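What follows is a short report on a single structure.
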Amino acid sequence: MTDPRRRLPAVDALLAEPDVAALLTAQPRGLVVRAVRDTIEHARANGGAAPPEGWGAAVRARVQRLAAPSLLPVINATGVVLHTNLGRAPLARSAREAMSRIAAGYSNLEYDLALGTRGSRHALCRDLLIELTGAGDALVVNNAAGALLVALSALARDGEAVVSRGELVEIGGAFRIPDIMARSGATLVEVGTTNRTHLRDYEGAVTDRTRLLLKVHRSNFQVTGFTAEVSAPEIAAVAHARGAASLYDLGSGLLVDLSPWGLAGEPTVAEALASGVDAVAFSGDKLLGGPQAGILLGTRDAIAACRNDPLARAVRSDKFTLAALEATLTLYRDPERARAEIPVLRMLTEDVAEIRRRGEALQKGVGKEAEVIEGESEVGGGSFPGAKLRTWLVRLNPHHLAPDTLAGRLRGAAPPIVARIADDRVVLDPRTILPDELETVARAVRAALDD
């Protein structure tokens, strides 16, 4: 019997088909050729059977998939405010506008307009960060891991860095503090135990090779029970007494006190700086509510050393990050304006009655197969571990669709909607659905529920 795969059409033959040839007038030839080859290979993998919808339709569908962008805006209906997989902090309008303005043409990224000479990108957000935090100096790099790497390289390379075993955390993407320390050129010295570390452990570990004492805030998990840890001020005091530097890996970068809204226990940037450590490192796209960035604050000498380290160029931030970060930081000059306009802060401090109102509006838009119930949201992003935020959820109760099927249909909407499944039901949390997205979500849910 002849192998059906021998009868598959050649690439040139398919390109000559009228339906496929018509695609060449609207799409780049290379894209259509790739779509044709992929379609033939798919048929070959299926035993040589022609696509049930026909070759022309199959190629057209493949062209559409290949032409579509891979990075898409999605609607976060999970209730996790800082959802790492969904890009963490959405930006304030002013930050988005700043990025667009800079993207449209040239900028003074590294040009001093007053002197007419080369400038430094490191100066662009520096003064604003110093103004808002009272730090002696500031440096912005591409992310928090980069900030930690630069600081360790500048302050501890070829020497020892002392850190508690209970703070050797793993951050997102399986990156671990010990691995970053090793790459920096510093030798890791572990002290204490997983659950208990004392001041005497640090004091006993300091030698003439000690360059740095590191404090890592455990922002993405909690240790409870029989525990002990050494505070940042105590670590800074030991370091200064022994002629070593001190570094506080703060993590989330909280600039405002959120305890009035039931969120306590996360140290603020001001508290970290007041501890007396030489440098503090944190993220820009977590509780700060800005773009992905790593921010280093501290003494003039410590930050100057970081700025002059060769790794600083390798992890430097781009013009879009700096534009968005500056616009975000500017909002913090008025804390109430920051809380109203920075999406992360608004979501974390929003009145639960307003969330319920939006939930009821969404339920009404969906129809009888939805109901509003009480539930909980999460901060996410390795911030306020264990904290739960009271919220109202829209629970979908279709009798003809399994939860996984319904969730999959929502992810296939345009734009995709990412929900969560709780107690074998798909639920939507209005806390993380932006106000202008409600009608889009309701329409997509109605379509997903429709057989």
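The values are calculated or read from the model by the stated rules, or taken from the named source; none is laboratory data. Every value quoted in this text rests on a predicted model; they were computed, and no experiment measured them. Here the Cβ positions follow ideal geometry from the backbone for every residue, glycine too, while neighbour counts run over all protein chains shown.
Here is the figure for region 362-376: residues that are among the charged types (D, E, K, R) and buried (at least 21 other Cβ atoms within 10 Å of the Cβ) total 0.
The C-beta contact set for region 317-335 (first residue under 10 Å from V140 (Cβ atoms), second residue among the β-branched types (V, I, T) and surrounded by 22 or more Cβ atoms within 10 Å (Cβ to Cβ), distance under 9 angstrom, 6+ apart or interchain) comprises S317/V140; S317/V141; T321/V140; L322/V140; L325/V140; L325/I295.
Report yes if some residue within region 131-152 is in contact with a His (Cβ under 8 Å, 6 or more places away or on another chain), closer than 18 Å to D278 by Cα, assigned by TED's automatic domain parsing to the domain that holds D249 and not acidic (D, E); otherwise report no. Working first, answer last.
Of the residues in region 131-152, the ones in contact with a His (Cβ under 8 Å, 6 or more places away or on another chain) are 139-140.
After this cut, where a residue has to be closer than 18 Å to D278 by Cα as well, the list is 139-140.
Narrowing further to those that are assigned by TED's automatic domain parsing to the domain that holds D249: 139-140.
Among the residues that remain, those that are also not acidic (D, E) are: 139-140.
Yes, that holds for at least one residue.
Tell me, yes or no, whether region 279-294 has at least one residue that is touching a residue at least 60 places away in the same chain (Cβ under 8 Å) and at positive phi. Taking every residue of region 279-294 in turn, at least one turns out to be touching a residue at least 60 places away in the same chain (Cβ under 8 Å) and at positive phi.
Remark: pairs (first residue in region 216-239, over 13 Å from S275 (Cβ atoms) and buried (at least 18 other Cβ atoms within 10 Å of the Cβ); second residue modelled with pLDDT under 90 and of a type in the set (F, W, Y); Cβ separation under 9 Å; 6+ apart in sequence or on different chains) = S219/F384. Condition check for D127 on (1) within 30 Å of L434 (Cβ to Cβ); (2) among the charged types (D, E, K, R); (3) not in a loop (DSSP other than H, G, I, E, B): one failure, at (1). Apart from one condition, F221 fits all of (1) under 28 Å from the mean Cα position of the chain (by Cα); (2) at pLDDT 80 or above; the exception is (2). The residues of region 1-47 that are part of a loop (DSSP other than H, G, I, E, B), under 22 Å from P69 (Cα atoms) and either not assigned by TED's automatic domain parsing to the domain that holds A61 or not hydroxyl-bearing (S, T, Y) (or both), listed by number, are L24, A26, Q27, P28.
If you take the residues of region 422-451 that are within 21 Å of the chain's Cα centre (by Cα) and of a type in the set (D, E), which of them is surrounded by the fewest Cβ atoms within 10 Å (Cβ to Cβ)? Checking each candidate, the answer is E437.
Tell me whether region 339-349 contains one or more residues that are of a type in the set (K, R) and within 30 Å of A422 (Cα to Cα).
Checked against the condition, which is being of a type in the set (K, R) and within 30 Å of A422 (Cα to Cα), region 339-349 yields at least one hit.
The set of residues in region 245-269 that are within 25 Å of A304 (Cβ to Cβ), of a type in the set (A, V, I, L, M) and part of a strand (DSSP E or B) comprises A245, L247, L250.
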